[in-house]
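Notes to accompany the following structure.
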Amino acid sequence: MTEAEFLTLLDEDLGLRLSVEDLSRDVDMLLHWDSMHLVRLLSVLEARTGKSIALTTLLEARTLNQARKLVMANV
């Protein structure tokens, strides 16, 4: 999944309008980010990839770009 595809997913499925730069920011610094977004992101990524993704995989990531890369490495 490219950064552009990931941004589209975040916008369409989570309602988060983010920039490419936001993908490299610590999630704690993102406006409107909360733990429910993480749970929703996990669900969306599992549906898109058809694979089970451990929540711990996403918890390891400090940025959304890290999360994207970790997920794609395990698919």
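Of note:
- The angle between the Cα long axis of helix 35-49 and the longest principal axis of the Cα atoms of the chain comes to about 50 degrees, rounded to the nearest 10.
- The mean accessible area for residues of the chain, using a 1.4 Å probe and ignoring ligands and nucleic acids, is 61 Å² per residue.
- For the range 1-44, fraction of C-alpha pairs farther apart than 17 Å, in %: 23 percent
- Taking θ as phi - 60° and the Karplus parameters 6.51, -1.76 and 1.60, the scalar couplings of the range 9-26 work out to 4, 4, 6, 6, 9, 10, x, 9, 8, 10, 9, 4, 4, 4, 4, 9, 8, 4 Hz in sequence order, x denoting glycine and proline.
- Of all accessible heavy-atom area on the chain, the percent that carbon and sulfur account for (1.4 Å): 52 percent
- The Rg/Rh ratio for the chain, using Cα coordinates for both the radius of gyration and the Kirkwood hydrodynamic radius, is 0.90.
The values are calculated or read from the model by the stated rules, or taken from the named source; none is laboratory data. If you're wondering where the values come from, they're calculated on a predicted model, not measured in any experiment. Side chains included, ligands, DNA and RNA excluded: accessible areas come from the protein's heavy atoms. Shrake-Rupley method; radii C 1.70, N 1.55, O 1.52, S 1.80 Å.
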